[in-house]
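The values are calculated or read from the model by the stated rules, or taken from the named source; none is laboratory data. Note that the structure is a prediction, hence the values are computed from the model and not measured. Cβ placement follows ideal geometry from the backbone for every residue including glycine, while neighbour counts extend to all protein chains displayed. Ligands, DNA and RNA are stripped out before the accessible areas are found, and what is left, the full protein with its side chains, is counted by its heavy atoms. Shrake-Rupley method; radii C 1.70, N 1.55, O 1.52, S 1.80 Å.
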Amino acid sequence: MLTGQIKVTKEDLLQWIENYRWMVETIEEARQPVAKMNNNSYIGGKTAMYGLEATLPKASGGTSDPVFTEVQRRVYSLNFRIKQYEQKIAEVQKHIPFVEGDREVEVLHRLLDGDSMRAIGKHMGLSSTTIFRVRNNILSQMMK
């Protein structure tokens, strides 16, 4: 679906706008380090570099560790999805400059923040029907 040139439809764009917030949050979460201690060192088997500890047996990291296996599963399964999310987000961001009008820009940014139509209408003092019309106008402008 997202290899090479992307053919964007109005329905795709609407779906990506609705999913924008959680896709960004998922990408942010995936980019966080797996596990860090207070001194910014990763938790896990470490090899001493010098001193008496250098002569002691080293930690053996095997794949039989269930936590290690789970971390690997999450990292590898997320990589493909994260790339798809990044492409969808980039496509939405590429179309944002086409939106004109203060009302349209405000509604678009609130949609990207994950606000509902009702919440946007309440904030702006407009009916949800008006917000739906503004959203459809936004999509038409973005598809230019």
*How many of the residues making up segment 67-102 are in contact (Cβ under 8 Å) with a residue 24 or more places away in the chain and among the acidic types (Asp, Glu)?*
3
*How many residues are in a helix (DSSP H, G or I) and either open to solvent by less than 30 Å² (accessible area, probe 1.4 Å) or not charged (D, E, K, R) (or both) when one looks only at segment 107-122?*
9
*Counting only residues that are open to solvent by 40 Å² or more (accessible area, probe 1.4 Å) and in a loop (DSSP other than H, G, I, E, B), how many does segment 82-100 have?*
1
_For segment 124-144, give me each residue that is touching a residue at least 12 places away in the same chain (Cβ under 8 Å) and touching a Lys or Arg at 6+ places or on another chain (Cβ under 7 Å)._
134, 139, 143
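Among the residues of segment 123-140, which ones are buried (at least 16 other Cβ atoms within 10 Å of the Cβ) and in a helix (DSSP H, G or I)?
Residues of segment 123-140 buried (at least 16 other Cβ atoms within 10 Å of the Cβ): 126, 130-131, 134-135, 137-139.
Residues satisfying the conditions are 130, 131, 134, 135, 137, 138, 139.
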